[in-house]
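The structure appears below as structure tokens.
Values in this text are rule-based calculations from the coordinates and carry no lab data. These numbers come from a predicted model, not from an experiment. Please note: Cβ atoms are built from the backbone with ideal geometry, for glycine as well, and neighbour counts cover all protein chains shown.
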Amino acid sequence: MNPLPDCRTRHLVGSVNHLGYSWIKIFCANCGNIYVYIPEDNKEFAFYLCNDCAEKLPPIEGCYYEPDEEYWKRVHAMQMEKYGRILQPGEIAVEIDRGTFPKVGIEL
């Protein structure tokens, strides 16, 4: 059982089809504002804090926090290293389908 709240809506509302994938909205666990979309295939669980709430609240023990801007800097740096440029969303989708898009993970 996960002690963190699930940030997906109880009823699927407003899924978006983008680049051949279905995306659903998730909301901030603290303020409730809808901030991001995740692939609908992630049906098990999603937890998200917007940057404003994450900066105001104390850290959650056992959880990793990285501001959205820092995450995207790492994604772009990885793309520059591997491809020599920032890929367009359609190009990323193709690379993911091929299984050649590197995972941008974290080291704990």
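Quote the relative contact order of the chain in percent (integer), defining contacts as alpha-carbon pairs under 8 Å separated by 6+ residues.
This gives 18 percent for the chain.
Under a plain spin-label model, where a point goes 7 Å from the Cα along Cα-to-Cβ, how far apart in nm are Glu69 and Gln88?
2.8
When the chain is fully extended, how far beyond the present Cα-Cα distance does Ile60 get from Asp6, taking 0.36 nm per residue of separation?
Between Ile60 and Asp6, full extension yields an extra 17.9 nm.
So which residue, out of Cys31, Cys50, Cys63, gets the largest mean-square fluctuation from a GNM of the chain using Cα contacts under 10 Å as springs?
Cys63
Once fully extended, how much extra length lies between Asn30 and Met80, figured as 0.36 nm per residue of separation less the alpha-carbon to alpha-carbon distance?
Difference between extended and current length: 14.6 nm.
Return one number: the angle in degrees, 0 to 90 and rounded to the nearest 10, between the long axis of the Cα atoms of helix 89-98 and the longest principal axis of the Cα atoms of the chain.
80
For the chain, take the longest principal axis of its alpha carbons; what is the angle in degrees between that and the long axis of helix 68-83, to the nearest 10 within 0 to 90?
That helix lies at roughly 20 degrees to the long axis.
So what does log10 I(q)/I(0) come out to for the chain at q = 0.10, 0.13, 0.18 Å⁻¹, using the Debye formula with one equal point on every Cα and no solvent?
Scattering profile of the chain, log10 relative to I(0): -0.35, -0.61, -1.12.
What stretch of the chain, leaving out the sites themselves, is the longest with no trypsin sites (Lys or Arg not before Pro) in a DSSP loop having at most 14 other Cβ atoms within 10 Å?
Longest site-free region, per DSSP loop and neighbour criteria: 44-84.
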